[in-house]
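Each remark here refers to the structure printed beneath this line.
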Amino acid sequence: MSINCPECGGDTHAIWVANRMLRDRCENCFWKGEPRVPETIAIKTGKWVSCSKFSGHTFVLYDRYGHVLGFSRNYNTEGEARAALTKEMSLSNKVAGPCTAVLWPDKIWVEGTVFTDNT
C-alpha cells in the first residue's frame with residue numbers, strides 16, 4: 001500500500017521497523033509515518049516448477065526394448081515438441097521400433113506442505 005507523502009507529496013514506501021511493524025517513509029524528504037500493523041496477505045502454497053534444466057517442453061525416445069534412443073532439445077510449445085516427437089518416432093520405428101516416447105511439460109504446478117506453530 002503506497003501513499004503520497006503528507007509533507008512534499010512524493011512517493012512513499014513501507015519499511016520494516018521494530019516488532020514486525022511497517023512504517024511509511026518518503027523517498028524525497030525522508031518523512032516517516034507512524035508504525036502500523038502490516039496488512040494480512042494470503043500465503044501461497046503452490047508454485048510452478050520447471051521440469052527441464054533449460055526450460056521448455058522435451059521428450060525422451062525409447063526403442064522397443066525400453067532403452068533410450070535419444071533426448072530432444074527444448075521446445076517453446078507443446079505443439080512444437082509433439083511435431084518433432086512424431087517425426088522422430090516415424091524415422092526411428094524403421095530400425096528400433098515400435099518406439100515409445102515420453103513428452104515432458106515445460107513446468108508443473110506443485111503444492112507445498114503447510115506447517116503452523118500453534119504455540
| remark: Under the Karplus relation with 6.51, -1.76 and 1.60 and θ = phi - 60°, whole-Hz ³J(HN,Hα) for the stretch 90-96, x at Gly and Pro, equal 5, 6, 6, 4, 5, 10, 10
| query | Taking a quarter of the surface of the Cα convex hull of the chain, what do you get in nm²? | reply | 13.5 nm²
| task | Just tell me which aspartates and glutamates come within less than 15 Å, Cα to Cα, of residue 44; anything on the same chain fewer than 8 places away is out. | result | 111
| message | Positive end of the dipole of the chain, charges at C-beta (+1 Lys, Arg; -1 Asp, Glu), about the Cα centre: which of 67, 51, 17 has its Cα farthest in that direction? | response | 67
| Max mean-square fluctuation residue, GNM over the chain, Cα-Cα springs under 10 Å, options 48, 104, 31 | 31
| What lysines sit close enough to residue 47 to cross-link, taking a C-alpha to C-alpha distance under 20 Å and skipping anything fewer than 8 places away on the same chain? | 107
| note | Percent of all Cα-Cα pairs per 10 Å bin for the stretch 46-111, counting from 0 up to the last occupied bin, reads 23, 46, 25, 6, 0
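Laboratory data are not the source of any read-out in this text; all were calculated from the coordinates shown. All of these numbers come straight from a predicted model, not from anything done at the bench. Neighbour counts are summed over all protein chains in view; Cβ atoms, including those assigned to glycine, are modelled from backbone coordinates with ideal geometry.
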